[in-house]
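Below is one structure, written out as structure tokens, with a few remarks after it.
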Amino acid sequence: MNNSIHVLNGEKTAQQFEEVNLMGERIVFNEMLNEGPIHKDIGSDAFFKLRYAYFEKEYQIDKLAYFDASIKPLVKLENADTYNKVVLWFNYNLVNQINMLAVCTYLLKNYRKDHQYYLVCIDEKEKSQLIFSDNISEKYEELYQHKIKLSRNNLVYAKECWDIFVNNNKEELENFNFNKSDKFKYLQKAIQHYLNEFSNKKIE
């Protein structure tokens, strides 16, 4: 078996990805876990109940719509017998980085030694090039060639970062080293942005 599954963050990336000539199934994780209440156990009933209620109240998105957008993709990741390579595609910004931590944490729950895990993290310059490019497919394929391999230890560290973020404690967030792994080189900056932007609203 040599099957890939590409995890894309958001519909805009998915629309661009339609032109990309890379083999494998594509799923879109539509979330913004930097907003609203979250539960550490990503994919659990407790997690989804919190997110259901938040999107229904704040964005008038009903449970069925949320299920289709956010739960179905995770369910597909559970079916690990259908693929042996996972490629995560996430941008450098806050929303993407927190969603990335959540997906990495979820993958750790379903970790398989016979699987390979990769990350393609798109920086600000690359994102701008993709938006204005006439050769979207070539750009994404080039990014894919420079994908970063993630070990189980990398996923464990991502879970540690996720747990700290979910705790939502200002002192913990300020003191924890989100720059410990060079695999997640945009994470520290994203957390600092979170602290700057939301400290008066959300951080105690």
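Bear in mind that the values in this text are calculations on the coordinates, not laboratory data. Only a predicted model underlies this, so the values are computations on that prediction, with no experimental measurement involved. With ideal geometry, Cβ positions are generated from the backbone for all residues, glycine too; neighbour counts draw on all protein chains shown.
Remarks
- When you restrict to C-alpha pairs under 8 Å that are six or more residues apart and normalise by the size of region 4-198, the relative contact order lands at 23 percent.
- Taking the C-alpha atoms only, the angle from helix 152-167 to the longest principal axis of the chain is near 30 degrees.
- Within the chain, longest stretch free of exposed trypsin sites (Lys or Arg not before Pro) [DSSP loop, at most 10 other beta carbons within 10 Å]: 1-112
- Sorted by Cβ neighbour density within 10 Å, fewest at the top, the residues 165, 176: 176, 165
- Taking each DSSP H run with n ≥ 4 as -39500 (n - 2.57) and averaging over every residue of the chain yields -15000 deg cm²/dmol at 222 nm.
- Cross-link partners for residue 109 among the aspartates and glutamates, with Cα-Cα distance under 18 Å and sequence neighbours closer than 8 places in the same chain left out: 41, 45, 78, 81, 160, 163.
- Cα-Cα over 27 Å, subset of 149/189; 76/125; 12/113; 72/149; 57/183: 76/125; 12/113; 57/183
- Dipole magnitude for the chain: about 500 debye, using +1 per Lys or Arg Cβ and -1 per Asp or Glu Cβ, origin at the Cα centre.
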